[in-house]
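Let me begin by presenting the structure, written as structure tokens, before commenting on it.
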């Protein structure tokens with residue numbers, strides 16, 4: 001599993017390049033997701049890792065295209081980018097679809113009853129609070 005986590009983290013770093021704030025945020029969300037997961041019902045660890053690391057991946061494209069980002073634009077622009085990145089490492093298609101659904105819903109009222117989405121939302125909320133957002 002550590003190899004998978006490292007591969008997705010490399011995708012994140014390569015994509016965000018020198019945007020250390022966004023990289024650090026994603027790594028912190030992953031850390032908190034893993035802590036929450038220890039006490040949660042069964043979940044798919046690879047989906048959780050990919051979702052946590054890539055949940056804000058739409059920010060870059062949103063800012064490039066629109067000049068700003070918010071939860072709605074992150075949910076709109078993130079899934080296609082995540083799909084392309086995860087395809088590049090041959091991540092299973094079914095898991096990519098679930099990761100994309102999670103990314104497309106991480107700022108909205110839940111449309112999916114995925115334990116990974118619940119964990120991600122809680123971890124993101126914790127990290128945002130710690131960061132003062």
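Before moving on, here are some points about what is shown:
- Multiplying the residue separation of residue 4 and residue 93 by 0.36 nm and removing their Cα-Cα distance gives an extension gain of 30.5 nm.
- Remark: relative contact order (the chain) = 29 percent; criterion is Cα-Cα distance under 8 angstrom and separation of 6 or more residues.
- Relative counts (whole %) of C-alpha pair distances in the chain, using bins that are 10 Å wide: 13, 49, 34, 3
Every number in this text was worked out from the coordinates using simple rules, so none of it is lab data. Because the structure is predicted, anything quoted here is derived from the model rather than measured.
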